[in-house]
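Encoded as structure tokens, the structure appears first; notes follow it.
What follows is calculated from the coordinates using simple rules that are stated; it is not laboratory data. Keep in mind that this is a model prediction, so the values were computed, not measured. All Cβ positions, glycine included, derive from the backbone under ideal geometry; neighbour counts span all protein chains shown.
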Amino acid sequence: MPKKKQIDPYVCPNCGTKVEKAQKTWQLVSPLPDSYGRITITVMGSFVCPNCGHKWKSVVSKIKAGGSSVEIEGKKGVKKIESKDSEEKANEGEVIELDLSDLDEDEEE
Ligand SMILES: [Zn+2]
């Protein structure tokens, strides 16, 4: 597996200040399914640094949905949720909120 450079989307690229949460998040849905027939939903966030005022956008997480499982790729790694194993969902610590009303906005910027 190639080693990916870890970039924390919550750290200001200008001064390195850790930001608690994104000002705004939205989803970009890839229209093309991957080799498993899953659709990739990229969750983007816009951030404003409380220290220096720098603004930036970054990928907060990626969700792969479809087939028999859902894969959530976030800063803590990739989580795979098998749909037949419903107990595992309840044990997931990190909750990623999806605002489905944003999906229709088709916001690129
Ligand atoms: Zn900053």
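Structure data summary
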item: Set 80, 62, 76: member being within 8 Å of the chain's Cα centre (by Cα), farther than 15 Å from residue 23 by Cα and charged (D, E, K, R); result: 62
item: Selection within the stretch 44-61 - crowded, with 18+ Cβ neighbours inside 10 Å and either away from the ligand (no atom under 16 Å from the Cβ) or among the aliphatic types (A, V, I, L, M) (or both); result: 44, 60, 61
item: Within the stretch 14-74, strands (runs of 3 or more DSSP E) holding 3 or more residues that are polar (S, T, N, Q); result: 39-48
item: Enumeration of residues in the stretch 1-43 that are within 16 Å of the ligand (Cβ to nearest atom) and closer than 17 Å to residue 78 by Cα; result: 7, 8, 9
